[in-house]
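In what follows, a single structure is set out as structure tokens and then discussed.
The values are calculated or read from the model by the stated rules, or taken from the named source; none is laboratory data. Computed from a predicted model, the values in this text were never measured in an experiment. We place every Cβ from the backbone using ideal geometry, glycine too, and count neighbours over all the protein chains shown. To get the accessible areas, we keep the full protein, side chains included, count just its heavy atoms, and leave off ligands, DNA and RNA. Shrake-Rupley method; radii C 1.70, N 1.55, O 1.52, S 1.80 Å.
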Amino acid sequence: MNNLSALITELCPNGVEYKELQAVLKIKNGSDYKSFGEGDIPVYGSGGIIAHTNRFAYDKPSVLIPRKGSVDKLYYVDVPFWNVDTIFYTEINTGLVIPRYVYHCLLREHLEKLNTAGGVPSLTQNVLNKVKIPVPPLEVQREVARILDTFTELTAELTAELTARKQQYAYYRNKLLTFNIPGGTSRTTWRKFGETCFLQAGKAINAENISKEKTPEYCIPCYGGNGLRGYVREANRQGDKPLIGRQGALCGNVCFAKGDYYATEHAVVVTDQGFYNSRFLYHLLVNKNLNQYKTSGAQPGLSVAKLETILLPVPEIEIQKRIADVLDNFDAICSDLNIGLPAEIEARKKQYEFYRDQLLTFAAQDEIVLTDRQTDRQTDRQTDRQT
């Protein structure tokens with residue numbers, strides 16, 4: 001980073017100018033792609049790549065900014081792409097700013113804070129155009145982007161390795177949880193889910209009674225259809241049990257709750273009746289892919305009555321415990337933020353955010369105050385240029 005310090009001292013000793021986005025780039029709308037043919041051009045929505053087609057909207061480096069939905073996500077794309085109407089693309093003036101530098105600047109701005117809607121999160125061009133970023137000389141921008149990219153590249157490598165681990169975990173989980181079909185010679189019996197467990201949906205709760213952050217007052221985990229929803233004051237369930245989401249986008253999602261917690265009406269609490277090891281049952285339900293039993297329609301659903309009819313294997317309890325121990329170890333390696341790759345990825349993300357905030361903090365030209373020594377150096381440089 002010594003090189004960056006030297007560049008700043010040489011090229012912008014008196015601070016840098018902050019410019020509105022509309023001065024350095026143009027924000028463009030997306031449009032539908034469904035009338036096009038198939039191809040290898042990625043189509044971006046607010047959640048990332050949603051399809052591939054044979055036409056592109058833009059073929060130069062661009063930062064894609066979600067317009068609606070997942071407005072906390074940004075995408076840097078340096079290949080031809082198409083974008084739908086839920087996400088903007090940007091035409092960047094490369095004579096003023098480096099596209100990759102702009103990407104890091106906008107990540108630092110946390111654009112989701114500019115949400116203009118009360119329901120589905122939304123961003124508008126008018127709001128985005130007024131966002132200001134520091135615009136130092138291109139050499140400085142290029143060096144800042146290079147340094148920050150070293151952090152993101154390392155995180156990407158670690159994430160790819162973790163993805164491979166998760167695939168390995170899923171493979172072994174499926175192998176360990178595949179039992180002989182009903183009527184086979186195995187000592188494993190098969191029973192309907194409703195015969196081995198008591199399934200009951202939780203109770204509705206008002207959104208104003210839920211805190212997204214854990215506090216001394218709001219310290220009880222609250223689970224909904226998509227897993228952990230936030231924290232509440234009082235529990236309505238207790239015990240270490242699997243919970244199944246029964247409504248919403250992640251219908252059939254399975255999580256595991258411990259101790260005291262609150263289950264909403266969108267979560268089904270699974271209480272074993274003496275047939276299962278609780279952790280084995282959790283892994284079994286995850287592997288079962290309960291989403292396949294959902295109802296069709298605009299709002300997918302998974303009824304308790306339907307769940308109760310599903311056939312599940314019931315191996316001997318000692319076998320269950322051994323399988324659960326193996327899968328719990330795999331699960332920890334792949335998801336525990338305190339150990340292994342997840343912990344290292346989390347540390348690298350925090351390191352990136354720290355250096356990003358440091359490197360993208362420049363003194364503005366109209367705010368800098370020169371010391372006597374800086375004034376002397378500035379006078380010396382002016383004298384050198386004159387001579």
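Leaving out ligands, DNA and RNA, and with a 1.4 Å probe, what % of the accessible surface on the range 225-268 is carbon or sulfur?
Working: 770 of 1930 Å².
About 40 percent, which is the carbon plus sulfur part of the accessible surface.
If one takes the longest principal axis of the Cα atoms in the chain, at what angle in degrees, from 0 to 90 and to the nearest 10, does the Cα axis of helix 2-11 lie?
Helix 2-11 sits roughly 40 degrees off the main axis of the chain.
Per residue of the range 110-117, in order, report the coupling 6.51 cos²θ - 1.76 cosθ + 1.60 (Karplus, θ = phi - 60°) as ³J(HN,Hα) in whole Hz, putting x for Gly and Pro.
Going residue by residue, I get 6, 4, 4, 5, 8, 3, 10, 10 Hz, with x marking Gly and Pro.
With a 10 Å radius around each residue's Cβ, average the other Cβ atoms per peptide and rank 96-108, 224-236, highest first.
So the peptides 96-108, 224-236, ranked by packing, come out 96-108, 224-236.
D336 to L11: extension gain in nm, 0.36 nm per residue of separation minus the Cα-Cα distance?
That pair, D336 and L11, stretches by 112.5 nm at full extension.
List the residues of the range 1-33 whose backbone N lies under 17 Å from a point placed 7 Å from the Cα of R146 along the Cα-to-Cβ direction.
Taking a point 7 Å out along Cα→Cβ of R146, the residues of the range 1-33 whose backbone N falls under 17 Å are 1-12.
Would you please give the residues with an amide H less than 5 Å from that of V268, counting only those at least 5 places away or on a separate chain, with H modeled from the backbone geometry?
Counting only residues 5 or more places away or on other chains, the set is I244, G245, R246.
Which entries of K130/K214; K60/K132; K166/K214 have Cα-Cα distances beyond 32 Å here? Mind dumping the intermediate values first?
On the way: K130/K214 34 Å; K60/K132 23 Å; K166/K214 28 Å.
The pairs that break the limit, which is 32 Å between Cα atoms, are K130/K214.
On a 0 to 90 degree scale, rounded to 10, what angle separates helix 372-386 from the longest Cα axis of the chain?
Computed tilt is about 60 degrees.
Once phi is turned into ³J(HN,Hα) by the Karplus curve 6.51 cos²θ - 1.76 cosθ + 1.60 with θ = phi - 60°, what whole-Hz value does each residue of the range 282-296 show in order, with x for glycine and proline?
Each residue's phi maps through the Karplus curve to give 4, 4, 4, 5, 4, 5, 6, 6, 5, 4, 5, 9, 5, 7, 8 Hz.
Report the extension gain between A170 and K19 in nm, rounded to one decimal, defined as 0.36 nm multiplied by the number of residues separating them, less their alpha carbon distance.
49.5 nm
Under a crude label model (7 Å from the Cα following the beta-carbon direction), how far is A156 from Y293 in nanometres?
4.1
When semi-axes √(5λ) of the Cα gyration tensor in Å is calculated directly from the model, which label among (i) 51, 24, 22; (ii) 33, 29, 18; (iii) 48, 26, 20 fits?
The listed entry that was calculated here is (i).
Along the Cα→Cβ direction, 7 angstrom out, place labels at A305 and E217. What is the inter-label distance in nm?
4.2
On C-alpha positions alone, give me the angle between the axis of helix 317-335 and the longest principal axis of the chain, in degrees, nearest 10.
Taking Cα atoms only, the helix is inclined about 10 degrees.
Return the sequence-ordered ³J(HN,Hα) values of the range 338-355 in whole Hz as given by the Karplus equation 6.51 cos²θ - 1.76 cosθ + 1.60 applied to θ = phi - 60°, using x for Gly and Pro.
Each residue's phi maps through the Karplus curve to give 9, 9, x, 4, x, 5, 5, 5, 4, 5, 5, 5, 5, 5, 4, 4, 4, 5 Hz.
Measuring from label point to label point, each 7 Å out along Cα→Cβ, what is the A363 to N2 span in nm?
About 2.3 nm separates the two model spin labels.
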